[in-house]
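Any read-out appearing in this document is the output of simple, stated calculations on the displayed coordinates, not a laboratory observation. Predicted, not measured: the structure shown is a model, and the values here were computed from it. Note that we place each Cβ from the backbone using ideal geometry, even for glycine, and neighbour counts take in every protein chain shown.
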């Protein structure tokens with residue numbers, strides 16, 4: 001990325017995402033500029049660069065709720081899928097069961113979720129949000145939707161929808 005593009009990108013991020021810190025831009029002599037055209041042509045590289053900006057703001061905005069990215073994802077899924085099982089959550093989020101066990105235990109101890117018998121499978125346990133969990137998810141989802149809109153402010157809504165659909169083609 002050229003120095004001018006770096007300056008522009010940093011200014012755009014700090015303007016589009018309140019609270020985001022623009023990385024300090026160092027002036028580079030022409031001899032110090034690196035050719036990054038190969039990297040800039042890679043989906044993974046561009047995805048990681050965009051995610052690094054969004055994830056930093058996500059962490060800042062979710063700190064008051066005490067939520068990490070995976071916590072938010074689990075709670076949001078439970079908010080929209082009451083009674084989901086651990087197996088379903090692991091499958092949907094592509095996480096390992098042992099990782100979910102401690103996460104569910106922490107959410108349970110915070111009073112955000114509760115375990116109940118699954119309505120259709122007597123062997124399974126369904127996970128449900130408590131009232132406190134419902135309130136937290138509602139507020140956190142609003143904050144995340146807002147930060148996503150701010151982070152993608154340079155895109156039209158159509159471009160944003162297209163980007164999401166294209167990224168989903170990679171993992172769905």
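Segment residue 159..residue 92, full-extension length gain: 21.6 nm, with 0.36 nm per residue of separation and the alpha-carbon distance subtracted. Taking 0.36 nm per residue of sequence separation and removing the Cα-Cα distance, the residue 109/residue 125 pair yields an extension gain of 4.1 nm. Computing FRET efficiency as 1/(1 + (r/R0)^6) for residue 39 and residue 102, where r is the C-beta to C-beta distance and R0 is 35 Å, gives about 0.45.
The coefficient of translational diffusion for region 66-129, derived via Stokes-Einstein from the alpha carbon Kirkwood radius under 10 °C and 1.306 mPa s, stands at 137 µm²/s. For region 52-98, the ratio of Cα radius of gyration to the globular rule of thumb 2.2 N^0.38 Å stands at 1.26. Given their separation in residues at 0.36 nm each and the Cα-Cα distance between them, residue 31 and residue 142 gain 35.4 nm when the chain is fully extended.
At each listed q (0.16, 0.17, 0.20, 0.21 Å⁻¹), what is the log10 of I(q)/I(0) that the Debye formula gives for region 104-158 modelled as equal alpha-carbon point scatterers? Here the Debye-derived log intensity ratios amount to -0.64, -0.68, -0.76, -0.79.
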